[in-house]
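Colleague: Quick one: structure below, then a few questions.
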Amino acid sequence: MKFSIALLPGDGVGPEVATEGVKVLEAVGKRFGHEISFHHGDIGGIAIDKYGVALTKETLAMCQRCDAVLLGAVGGPKWDDPRAKVRPEDGLLGLRKGLRLFANLRPVKVLPMLIDSTTLKPEAIRGVDLMIVRELTGGIYFGRPKKQWQTARGRKAVDSMLYSEREIARILRVGFEMARSRRKKLDSVDKANVLESSRLWRQLAIELSQDYPDVEVQHMLVDACAMRLIQRPADFDVIVTGNMFGDILTDEASMLAGSMGMLPSASLAGVPKVGGKTFGMYEPIHGSAPRRAGQNIANPIAMIMSVAMMLRYSMGLVEGAQAIEKVVSDVLEQGYRTYDIMEEGKTQVGTREMGELIAGMVT
Ligand code: IPM
Ligand code: MG
């Protein structure tokens, strides 16, 4: 089969990890006999420097013509001024909105050989295998009004947490479907004791659960969920939640796995189907890590596992996805580590070496 992939390396360590992701994807293409072409675009700070905006219309259109998008990371101190008119993050938000990527999947799995590389007790995190489904194109990140203004008694600012029934129902469906394909447990996370948008969320979750009698649903308040994620993380299977709650909970959950450098993500324009061809964007959940950039030390595994998710959900190539996942676990089993997951007695390697080890074993 033939595939075209939009490649947006972005800023900081983005280009370094993206290079390794491409190597591994090419190795999969070779092994399974697929032809993959890459179409390069700029996103984030580098696009601001070149074109004055974080995402150009041309780049967005190029992404739309491809089968999927592979993204490195955006941002850095150079573009961090809170008074700036344009920000690297606008590029990311623009892509999510422009490509209608409403469903963000962030799996967190604790690998047995990395159980000692986290700050949490091994017995607390053993067996953790959860998936957070975050709504990505609505809620308080996009709702209007959204502004700052001057009043006689000082400045004011407002953001709006706005959700329509349609937006909530479609992300809840992704949560239910995901739970159905896994251990059939769904936690719908909201703040229904305070927020109207959460009360609508919870009502819709109750209504939709009628269609999924095989899935066990629990409604959980976001603060309680934050606590449970640290206390008993292995209890969770699928969590479905809104944009901001999902943003916060996914950073928290990532720490269960020891390093953000291990965790992939998918942002999809439809309900995901394993082996399906839903359009999506794939990126590591870590940021651009400007202080680590250009040193060949960043962990490329999050990027490489994002490539595996792309094979599974946008390219219909489940075998390729499984091949990558197996090799990543084999390479770790053999004792290779990047700096972020390094432990005594293991072999420390750089970004490029880790990518090459994995690509070499995939072929
Ligand atoms: C994420 C990031 C983004 C978000 C930022 C960079 C806009 O934190 O993908 O979680 O908040 O969605
Ligand atoms: Mg975030």
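The values are calculated or read from the model by the stated rules, or taken from the named source; none is laboratory data. Please read these numbers as outputs of a predicted model, since none were measured by experiment. Positions of Cβ are backbone-derived with ideal geometry, glycine not excepted, and every protein chain shown enters the neighbour counts. Note: accessible area is taken over every heavy atom of the protein model, side chains too, but ligands, DNA and RNA are not part of it. Shrake-Rupley method; radii C 1.70, N 1.55, O 1.52, S 1.80 Å.
Colleague: Can you tell me which residue among 70, 55, 111 is in contact (Cβ under 8 Å) with a residue 12 or more places away in the chain and open to solvent by less than 20 Å² (accessible area, probe 1.4 Å)?
Modeller: Values: 55 fails: open to solvent by less than 20 Å² (accessible area, probe 1.4 Å); 111 fails: open to solvent by less than 20 Å² (accessible area, probe 1.4 Å).
One residue alone meets the criteria, 70.
Colleague: Tell me whether the range 313-335 contains one or more residues that are under 17 Å from residue 72 (Cβ atoms) and either of a type in the set (D, E, K, R) or open to solvent by less than 40 Å² (accessible area, probe 1.4 Å) (or both).
Modeller: No, every residue in the range 313-335 fails to be under 17 Å from residue 72 (Cβ atoms) and either of a type in the set (D, E, K, R) or open to solvent by less than 40 Å² (accessible area, probe 1.4 Å) (or both).
Colleague: Could you identify the single residue in 92, 130 that is touching a residue at least 40 places away in the same chain (Cβ under 8 Å), within 16 Å of ligand 2 (Cβ to nearest atom) and not hydroxyl-bearing (Ser, Thr, Tyr)?
Modeller: 92
Colleague: Can you tell me which residues in the range 71-87 are more than 12 Å from ligand 1 (Cβ to nearest atom), of a type in the set (A, V, I, L, M) and touching a helix residue (DSSP H, G or I) at 6+ places or on another chain (Cβ under 6 Å)?
Modeller: Answer for the range 71-87, where residues must be more than 12 Å from ligand 1 (Cβ to nearest atom), of a type in the set (A, V, I, L, M) and touching a helix residue (DSSP H, G or I) at 6+ places or on another chain (Cβ under 6 Å): just 86.
Colleague: Sticking with this structure for a sec: If the Cβ limit is 6 Å and pairs must be 6+ apart or interchain, which residue in the range 235-253 that is among the charged types (D, E, K, R) and modelled with pLDDT of 95 or more pairs with which residue that is open to solvent by 40 Å² or more (accessible area, probe 1.4 Å) and near ligand 2 (Cβ under 10 Å from one of its atoms)?
Modeller: none
Colleague: How many residues does the range 33-60 hold that are out of contact with any Gly (no Cβ under 9 Å at 6 or more places or on another chain) and either at pLDDT below 95 or not basic (Lys, Arg) (or both)?
Modeller: Going through the range 33-60 one residue at a time, the tally reaches 9.
Colleague: When the range 182-194 is examined, which residues are found to be over 16 Å from residue 246 (Cα atoms) and either modelled with pLDDT under 95 or open to solvent by less than 60 Å² (accessible area, probe 1.4 Å) (or both)?
Modeller: Correct list: 185 only.
Colleague: Out of 234, 226, 205, 169, I need the residue that is part of a helix (DSSP H, G or I), within 16 Å of ligand 2 (Cβ to nearest atom) and surrounded by 14 or more Cβ atoms within 10 Å (Cβ to Cβ). Which one? Talk me through it step by step, then tell me what you get.
Modeller: Details: 234 fails: within 16 Å of ligand 2 (Cβ to nearest atom); 205 fails: within 16 Å of ligand 2 (Cβ to nearest atom); 169 fails: within 16 Å of ligand 2 (Cβ to nearest atom).
Just a single option satisfies the conditions, and that option is 226.
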